[in-house]
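Below: one structure, written as structure tokens.
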Amino acid sequence: MELIQYVMRSKIGPLYLVASKEYLTGVCFQKQNIKTIKTFDPSRVQDKILYKTVQQLEEYFVGQRREFDLPVSVSGTPFQEKVWRELSKIPFAQTASYKDIARRIKNPKAVRAVGSANGHNPICIIIPCHRVITTDGSIGGYAGGPVIKRQLLAIEQG
């Protein structure tokens, strides 16, 4: 599967968007070790997915988008994929705890494993891992760091 990457400049810093010919496969805070494009080429299928992703993320960052409509594909362990599906169900501007997610996937003792799966989410923001906090209400960890997590939560609060 050929993947390409585009670096999007955003209000929270650079985002590395990765796509195959059919799917968005990554929204990352770190550069991936794959081919990076500088401009979009309308003849490349991946570019259409990346372009649509940029448009929707820009709308999200200015408060004009609450849900994403993108073809995504994630690859992880069955447990990780179950967690990521559950993360996608957390409504815009709301949060859930790691413990809540563990309960929802019917594995209440897997709180730490949920945290680990959350941290390995390959499509940040689109699969809203930033909406997961600790049981006591503190921010918890985030691949982009706690400052970016707070920024994302603030964007959703308006």
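The values are calculated or read from the model by the stated rules, or taken from the named source; none is laboratory data. Because the structure is a prediction, the values reported are computed rather than measured. When we count neighbours, we look across all protein chains shown, and the Cβ atoms used for this are built from the backbone with ideal geometry, even at glycine. Please note that ligands, DNA and RNA were not included when accessible areas were found on the heavy atoms of the full protein model with its side chains. Shrake-Rupley method; radii C 1.70, N 1.55, O 1.52, S 1.80 Å.
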Could you work out how far apart the two model spin labels at ALA154 and LEU3 are, taking each label as a point 7 Å from the Cα in the direction of the beta carbon, and quote it in nm? 3.1
Tell me what the chain gives for mean residue ellipticity at 222 nm when only DSSP H runs of n ≥ 4 count, each as -39,500 (n - 2.57), the sum divided by the residue total, rounded to 500 deg cm²/dmol. -10500 deg cm²/dmol
Charge dipole of the chain about the Cα centre (unit charges at C-beta), most positive-ward option of GLN55, ALA154, VAL45: ALA154
Cα lying deepest toward the dipole's positive end in the chain, options ILE123, TYR6, THR135, charges on Cβ: THR135
Within the set PRO14, PRO78, PRO91, GNM on the chain using Cα springs under 10 Å gives the largest fluctuation to PRO78
Using a Gaussian network model on the chain with a 10 Å cutoff between Cα atoms, which of VAL132, VAL111, VAL27 fluctuates the most? VAL111
Equivalent-ellipsoid semi-axes (√(5λ), Cα gyration tensor) for segment 25-158, whole Å, largest first? 27, 17, 13
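In debye, nearest 20, what is the charge dipole magnitude of segment 57-158 about its Cα centre with +1 on Lys and Arg Cβ and -1 on Asp and Glu Cβ, if you could check?
It works out to roughly 500 debye.
Please give the per residue accessible area of the chain, computed with a probe of 1.4 Å over protein heavy atoms only, in Å². The partial results should precede the final answer.
On the way: 8640 Å² over 158 residues.
Spelled out: the 1.4 Å probe surface of the chain, per residue, equals 55 Å².
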Label points 7 Å out from Cα along the Cβ direction at SER116 and PHE92: separation in nm? 3.4
Report the residue, chosen from ASN118, ASN33, ASN107, that carries the largest GNM mean-square fluctuation when the chain is represented by alpha-carbon nodes joined by springs under 10 Å. ASN33
Theoretical FRET efficiency, 1/(1+(r/R0)^6), r = Cβ-Cβ of LYS11 and SER75, R0 22 Å, to 0.05: 0.15
Residue-wise, which Karplus ³J(HN,Hα) couplings in Hz belong to segment 137-146, taking 6.51 cos²θ - 1.76 cosθ + 1.60, θ = phi - 60°, and x for glycine or proline? x, 6, 5, x, x, 6, 4, x, x, x
Run the quick spin-label model on GLN64 and PHE29: label points 7 Å from Cα toward the beta carbon, then report their separation in nm to one decimal. 2.7
Carbon and sulfur atoms account, in whole percent of the 1.4 Å probe accessible area of the chain, for 50
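Hey, got a sec? Which trypsin sites (Lys or Arg not before Pro) in segment 71-134 land in a DSSP loop and have at most 12 other Cβ atoms within 10 Å? Mind showing how you got there, number by number?
Details: sites: LYS82, ARG85, LYS89, LYS99, ARG103, ARG104, LYS106, LYS109, ARG112, ARG131; in loops: LYS89, LYS106, LYS109.
Here the sparse-neighbourhood loop sites are LYS89, LYS106, LYS109.
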